[in-house]
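> Before anything else, here's the structure in question.
The values are calculated or read from the model by the stated rules, or taken from the named source; none is laboratory data. What you are looking at is a predicted structure, and each value in this text was computed from that prediction instead of being measured. Backbone-built Cβ (ideal geometry, glycine too); neighbour counts: all protein chains shown. Only protein heavy atoms, including side chains, enter the accessible area calculation; ligands, DNA and RNA are left aside. Shrake-Rupley method; radii C 1.70, N 1.55, O 1.52, S 1.80 Å.
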Amino acid sequence: MPNPSYPIHAFGFLMAGGVIRSVPAEPTPQLFAHLERVDHSIRFPKPIAMVVCYPSNPTSYVASLDFYKDLVAFAKKHEVFILSDLAYAELYYNGEPPPSVLQVPGAIDIAVEFTSMSKTYSMAGWRMGFAVGNERLIAALTRVKSYLDYGAFTPVQVAAVAALNGPQDCIQEMRDTYHKRRDAMVEAFGRAGWDIPPPAASMFAWAPLPEKFRNISSMDFATLMVEKSGVAVSPGSGFGEHGEGFVRIAMVENEQRIRQAARNIRRFLEAGVETLHNVVPLANRR
């Protein structure tokens, strides 16, 4: 399981009685070194699956096709399944769309990929998605779901089919909207004194805490932010212990509201020293 990651990735397995081992979230060669160590250290029971999510929630990391080729080779060598979350594949800003693990020849032997209508077609409240990939795993998913639910409301399914088969202009419009929001956020927050790496994909920015606040927890920082500036962010610790020191910013407001938030944040950051007087430093916590 990548750490940090979207919480349900871990909790689904934990609720099913599974055991989680964390690996780095960034799609680099270091990830494979960690995977090798996990495989050598856990023999009974042997790991059965690895979860990946690129573009990532919360970090916005994007994987390359070469990375997926190495990942598929690793999975086949060690006989583990790949469970890929591709929910943010249409939200990218740097030209080429993020690849799918199923583009790798032979990946279908060991991989299943999940995606969602929520992000691409703004159908979040309708809870519609789908899975594709290995026939055996899809059959198992079908069987489990047949006992757990009764299927989505038929008109919602029909609407999802219409979205997939209809004109796709709305996707580019959505991508352009988020691209403008991203650029507005990076520029306005930078002028406010908070440098944020521009995300390559997704609707989130993964932001290190401002310099003045790096001796407190991400939870304390997020609490101070909402109390002192009226701006809500998600503490990185909510996505795993390796998310500490970061917050996730969702680009769900328009550009005017983003700039308004930046003005509030600037006042908050300028008052940073006084704000911290009643906060216990992270290093001193028990």
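> Regarding segment 88-100, can at least one residue be identified that is open to solvent by 30 Å² or more (accessible area, probe 1.4 Å), without any contact (Cβ under 8 Å) to a residue 60 or more places away in the chain and over 27 Å from Val72 (Cα atoms)?
The initial filter retains those residues of segment 88-100 that are open to solvent by 30 Å² or more (accessible area, probe 1.4 Å), namely 90, 92, 94-97.
Now drop any that are not without any contact (Cβ under 8 Å) to a residue 60 or more places away in the chain, which leaves 95-97.
Keeping just the survivors that are over 27 Å from Val72 (Cα atoms) gives none.
No, segment 88-100 has no match at all.
> Which members of segment 248-270 meet the condition of being assigned to a loop (DSSP other than H, G, I, E, B) and open to solvent by 40 Å² or more (accessible area, probe 1.4 Å)? Show your work before the answer.
Taking segment 248-270 first, the residues assigned to a loop (DSSP other than H, G, I, E, B) are 251-254.
Across segment 248-270, the qualifying residues are Val252, Glu253, Asn254.
> Tell me yes or no: at least one residue of segment 182-194 is surrounded by fewer than 14 Cβ atoms within 10 Å (Cβ to Cβ), assigned by the TED database to the domain that holds Ala261 and not charged (D, E, K, R).
yes
> For the subset of segment 195-219 comprising residues that are without any contact (Cβ under 8 Å) to a residue 60 or more places away in the chain and under 21 Å from Arg267 (Cβ atoms), which member is surrounded by the most Cβ atoms within 10 Å (Cβ to Cβ)?
Ser218
> Okay, next question. Taking the residues in segment 176-224 that are among the hydroxyl-bearing types (Ser, Thr, Tyr) and out of contact with any Leu (no Cβ under 9 Å at 6 or more places or on another chain) as candidates, determine which candidate is farthest from Arg257 (Cα to Cα).
Residue satisfying both the conditions and the ranking: Thr223.
> If Thr177 meets every condition in (1) in contact with a helix residue (DSSP H, G or I) (Cβ under 8 Å, 6 or more places away or on another chain); (2) more than 18 Å from Tyr61 (Cβ to Cβ); (3) of a type in the set (S, T, N, Q); (4) at pLDDT 95 or above apart from one, which number is that one?
(1)
> For segment 236-247, name all the residues that are free of Cβ contacts under 8 Å to residues at least 60 places away in the same chain and buried (at least 21 other Cβ atoms within 10 Å of the Cβ).
So the first thing to find is which residues in segment 236-247 are free of Cβ contacts under 8 Å to residues at least 60 places away in the same chain, and the list is 237, 244-245, 247.
Residue satisfying the conditions is Val247 alone.
> Right, another one. Can you find, within segment 101-129, the residue that is nearest to Leu65 (Cα to Cα) among those that are open to solvent by 50 Å² or more (accessible area, probe 1.4 Å), in contact (Cβ under 8 Å) with a residue 24 or more places away in the chain and not basic (Lys, Arg)?
Filtering segment 101-129 for residues that are open to solvent by 50 Å² or more (accessible area, probe 1.4 Å), in contact (Cβ under 8 Å) with a residue 24 or more places away in the chain and not basic (Lys, Arg), the one nearest to Leu65 (Cα to Cα) comes out as Gln103.
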